[in-house]
Amino acid sequence: MVALIPYITVGDPDLPTTVEALKVLDCCGSDIIELGLPYSDPLADGPVIQAAAACSLARETNFDAVISMLREVLPQLSCPVSQFSYYNPILKPGLGKFMSIIKDAGVQVK
């Protein structure tokens, strides 16, 4: 089995572009889209994802803005979106609350 699973960092270069990129990736036949939450110290990532996270954070992308954007765009997509994140942003609100927030925004939680 082969699947198309593109990855993008939310907020790079900005949130409106992320919305449009999600729509294009959906229309192009993505099976699932992996959406990375920007993190200030992405030490385990390569230089491309590090640069994307830095760009996103420089534009002050934050968790609340990401959730708002997801609530807007996810109902327009036919493919599922998964969240890619370091654990620190999950730990801050707590795992249960984080999962509840992203589920309420439309991210498929299994």
Of all trypsin sites (Lys or Arg not before Pro) in the range 1-83, which ones are in loop regions per DSSP and have a Cβ with at most 10 other Cβ atoms within 10 Å? none
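Rounded to the nearest 0.05, what FRET efficiency is calculated for ASP64 and ALA3 with R0 set to 25 Å and r the Cβ-Cβ distance?
0.20
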Between [x] 32, 31, 30; [y] 161, 22, 14; [z] 35, 33, 28, which entry matches Cα extents along the principal axes in Å as derived from the coordinates of this structure? [x]
Electrostatic dipole magnitude of the range 20-63 [Cβ: Lys, Arg +1; Asp, Glu -1; Cα centre; debye, to 20]: 120
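Want the number for CYS55 to SER78: 0.36 nm per residue separation, take away the alpha-carbon distance, what's left?
Stretched out fully, the CYS55 to SER78 stretch lengthens by 5.5 nm.
Whenever you get a sec, compute what percent of the accessible area on the chain sits on carbon and sulfur atoms (1.4 Å probe).
58
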To the nearest 20 debye, what is the magnitude of the charge dipole of the chain about its Cα centre, counting +1 on the Cβ of each Lys and Arg and -1 on the Cβ of each Asp and Glu? 340
Going through the range 7-87, which GluC sites (Glu not before Pro) have at most 14 other Cβ atoms within 10 Å and a DSSP loop state? GLU60
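With every protein chain left in place, what is the accessible area per residue of the chain in square angstrom, probe 1.4 Å?
Per-residue accessible area for the chain comes out at 59 Å².
The values are calculated or read from the model by the stated rules, or taken from the named source; none is laboratory data. What you see is a predicted model, and the numbers here were worked out from it, not measured in a lab. Virtual Cβ from ideal backbone geometry, glycine too; neighbours counted across all protein chains shown. For the accessible areas, the whole protein counts, side chains as well, though only heavy atoms, and no ligand, DNA or RNA atoms are used. Shrake-Rupley method; radii C 1.70, N 1.55, O 1.52, S 1.80 Å.
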